[in-house]
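*Asks:* Sharing a structure below in structure tokens format, with a few things to ask.
A short reminder: the numbers here are calculations on the coordinates, not readings from a lab. Computed from a predicted model, the values in this text were never measured in an experiment. Neighbour counts are summed over all protein chains in view; Cβ atoms, including those assigned to glycine, are modelled from backbone coordinates with ideal geometry.
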Amino acid sequence: MAPPIDVSRFEQLKASGDLPSPKGVALAVMRLTQQEDVSIANLANVIKTDPAFVGRLIKAANGIVGYGRRPVASVQDALTVLGLPAVRNMALGFSLLTHYRSGVCEGFDYGRYWAESLLSAVSMQAITLRTRAAAADEMYCLGLLARVGEIALATLYPHDYSRIVKEAGGQDLHRLLELESHAFAMTNAELGAAMLADWGLPRIFTDAAHCVASSTESTQSEGQREYVVTQSLALSQQVAKYCLGAEQERPQHKHRLLIAASRLNFDEETFGTLTDGVAREWLEWGALLSIHAEVLPPFGSVKALAPELGADGAEEEVPRQDVSMRALIVDTDVAACQTIAQFLGENGFQTSFTHDGFSAAELALDFMPDMMLIGEGLPDMSGGELVRVIRKTRIGRALYILILAEDVQEEVVVQALEAGADDALPKPVNLRVLLAKLGASRRLTDLNREIEQDREEIRHFAAELAVSNRRLQDAAMTDPLTGFPNRRCFSERFAQEWAFSLRNKRPLSCILVDVDHFKGINDTYGHDVGDAVLVQVAQAIRAAVRTQDVLARLGGDEFVVLCPGTAIESAMVCAERIRKAMHDLIMDTRLRSVKISISAGVACRDATMTDADSLFKRSDDGLYLAKKKGRDQVATAQLPQGRPGGSSAAGA
């Protein structure tokens, strides 16, 4: 849970009017969505006054529609697809982007901040479409708003924050948080979480934003929804760093990305496809929002390299080839640190050292040691306190930790062990004894590595299984011959479109198509020719209908077309267009040319129909009439009195 900042302090900041806040249409949208009786029509009327927001909203809605779904083209449809919570949060995010695109905080890079936020938003949407941890549109908003605490501090204290950002440096997050806390009695992570909570975002989102912004370990277990949301946000921000990083930095960013992606059971192939999709979406959103975006090389063409750390803690851009033990030394005695590091290096250890607790905690997350040697009496905390901090992190649970003390008495040893250390050694350190103790720790380290390797194999297997399941699911919903959705998929989509039509009082038409004399084609020319005919029929149907129409093959030579928002007259025109396309279609075989024709039955939802099956049955009746009239016909069994607003048509 995100720790709260002082309530009175936060209320004072709000009352000052200097905190980033929604303006104009966004403010009106937020106020409207707080009303219990708000209607989509009223909300749409407000949104339509801002053409830029309309375009962004429709773009967002089209980003989450699934396979075969008709594109969103109106504000009302976008509101229905997204839902009020996501619309409110998008209005908020886009308003902040518009009004806080620049500022007077010289040290704060506004352009990069919004580019990273946009990339995080697009990544969150793509990740969530696969993890299903929350609504993809709401996760988009979380990605866009998660770092709002940074721009809030840059807005509230532009001169002080400029100095702090420059002093911390671009990559030193822990130093930035420390300086913020000292200067403002709060961090950007705490302020951001408070702002998100004040705007009404769910607790699960505010906690995730605080956890990632403060770089703290998630306390949730793998598989829990809170864990997935937090890891998704962390991964989305890693994607942003990868996309915005310099070309020479991308191999290291890719290495970190793949590690983070494995925590959500993504294999490299799946995550590469996701990242390439994010890069394409980034270009589209960047153009829409006037934010920096660039063309990236394919994810698969970038070779992942693991960053190595030298003795001074600096990264070296070479791949890690060995699995030698890594030791981190923390002590105020510089000479002793150098002596121990040199000795351990000569005995096959990779080493690094530092001289205070805060730097040690930060370096441990990057260096990922197998063991730590911690001296007592550090300048900012005791050795025992540092052990407790390290043990709370994920990597710290498996470390072998030695406390180095001037006088190893019984009480010192007890306190060290109670703090979480594994052993204690007197100073000055006897190097032979130290090597013996560290050698004994190898068994524990090797066991931990085997366990971690097993876990990675299980994750990899689970990710491959998830990909296979998705492919099987796609195959189960697709007709293998034509590539159209099959009857099972059509049944689900039909129910959705029927419900949408009822809810919004919009027409819904159904066209049932049957190839004339298809059995004769199969019997005369063989099933391979029959299959070729069906493929050509499918292609002709696809070319004759609109992009928002839903196509499916029901089986055999029967096809169906759903036309959302289409009255009977327009549906008859569409069916006639399909019939004419087939009439001009000639199939060449080894024996002779085969002329193809179809019959079609058309129906539109009316007040006499109780469910989707009633509409399908009415279109089937129309198909029967077309066959009865001699085939190569379009007909409807729609009754004039059954369809409001006009007379029915029959025949073609």
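*Asks:* Could you tell me what % of all Cα pairs in region 487-642 have separations over 20 Å? It would help to have the intermediate numbers written out before the result.
*Replies:* Numbers: 5625 of 12090 pairs.
For region 487-642, the share of Cα pairs beyond 20 Å comes to 47 percent.
*Asks:* For D423, enumerate residues with amide H under 5 Å from its amide H, sequence gap 5+ or separate chain, H modeled in the peptide plane.
*Replies:* I401, I403
*Asks:* Does region 31-180 come out rounded, prolate or oblate, given a ≥ b ≥ c as the square roots of the eigenvalues of its C-alpha gyration tensor, rounded meaning a/c under 1.5 and, failing that, prolate meaning a/b above b/c?
*Replies:* Details: a/c = 2.62, a/b = 1.83, b/c = 1.43.
Cα axes put region 31-180 in the prolate bin.
*Asks:* Another one. Just to confirm my numbers, what's the Cα centroid distance between region 248-288 and region 324-379 in Å?
*Replies:* Each part's Cα centre sits 33 Å from the other's.
*Asks:* Right, here's the next one. Work out how much length A185 to A436 would gain on full extension: take 0.36 nm times their residue separation and subtract the Cα-Cα distance, in nm to one decimal. All intermediate terms of the calculation are to be shown ahead of the outcome.
*Replies:* Values: separation 251, 0.36 × 251 = 90.36 nm, distance 4.63 nm.
Between A185 and A436, full extension yields an extra 85.7 nm.
*Asks:* Evaluate 2.2 N^0.38 Å with N set to the residue count of region 8-99, then give the Cα radius of gyration divided by it.
*Replies:* Details: Rg = 14.6 Å, N = 92, 2.2 N^0.38 = 12.3 Å.
Here the answer is 1.19, to two decimals.
*Asks:* As I understand it, the value is the acute angle between the Cα axis of helix 334-346 and the longest principal axis of the Cα atoms of the chain; what does it come to in degrees, rounded to 10?
*Replies:* The angle comes out near 60 degrees.
*Asks:* Hey, could you grab the Kirkwood Rh for the chain? Inverse mean 1/r over distinct alpha carbon pairs, Å, one decimal. All intermediate terms of the calculation are to be shown ahead of the outcome.
*Replies:* Values: mean 1/r = 0.0343 Å⁻¹.
Hydrodynamic radius (Kirkwood, Cα only) of the chain equals 29.1 Å.
*Asks:* Cut-off 17 Å, label point 7 angstrom out along Cα-to-Cβ of E452: give me the residues of region 349-382 whose amide nitrogen falls inside.
*Replies:* It comes to 349-352, 361-373, nothing else.
*Asks:* Sticking with this one: Going down the table (K595/K627; K519/K628; K166/K427; K580/K629; K14/K48; K23/K59), which pairs top 27 Å between alpha carbons?
*Replies:* Working: K595/K627 17 Å; K519/K628 17 Å; K166/K427 39 Å; K580/K629 17 Å; K14/K48 29 Å; K23/K59 21 Å.
Over 27 Å apart, Cα to Cα: K166/K427; K14/K48.
*Asks:* Could you work out [θ]222 nm for the chain from helices alone, using -39500 (n - 2.57) per DSSP H run of at least four and dividing by all its residues? Round to the nearest 500 deg cm²/dmol.
*Replies:* -18000 deg cm²/dmol
*Asks:* Next question. Among DSSP beta bridges lying fully in the chain, give the percent that are antiparallel, nearest 5.
*Replies:* Working: 25 of 46 bridges.
The answer is about 55 percent antiparallel.
*Asks:* To continue, here is another question. Give the calculated FRET efficiency between E385 and N42 to the nearest 0.05, with a Förster radius of 51 Å applied to their Cβ-Cβ distance.
*Replies:* Details: r = 57 Å, r/R0 = 1.12.
The formula returns an efficiency of 0.35 here.
*Asks:* Moving on to the next point. Can you give me the C-alpha center-to-center distance between region 405-431 and region 33-112, rounded to a whole angstrom?
*Replies:* When both Cα centres are located, 59 Å separates them.
*Asks:* Any idea which of V148, T332, L118 is furthest toward the positive side of the dipole for the chain, if Lys and Arg beta-carbons carry +1 and Asp and Glu beta-carbons -1?
*Replies:* Checking the options against the dipole of the chain, the answer is L118.
*Asks:* Then there's this: Work through the residues other than G357 whose Cβ is under 9 Å from its Cβ and net out their charges, Lys, Arg +1 and Asp, Glu -1.
*Replies:* Its environment carries a net charge of -3.
*Asks:* Another question, then. Tell me whether region 84-123 comes out rounded, prolate or oblate; compute the Cα gyration tensor, take square roots of the eigenvalues as a ≥ b ≥ c, and use a/c under 1.5 as the rounded threshold. Each step should come with its number before you reach the end.
*Replies:* Working: a/c = 4.12, a/b = 1.66, b/c = 2.49.
Since a/c reaches 1.5 but b/c is at least a/b, the shape of region 84-123 is classed as oblate.
*Asks:* Which angle from 0 to 90°, rounded to the nearest 10, does the C-alpha axis of helix 612-628 make with the longest principal axis of the chain?
*Replies:* Long axis of 612-628 versus the principal axis of the chain: about 40 degrees.
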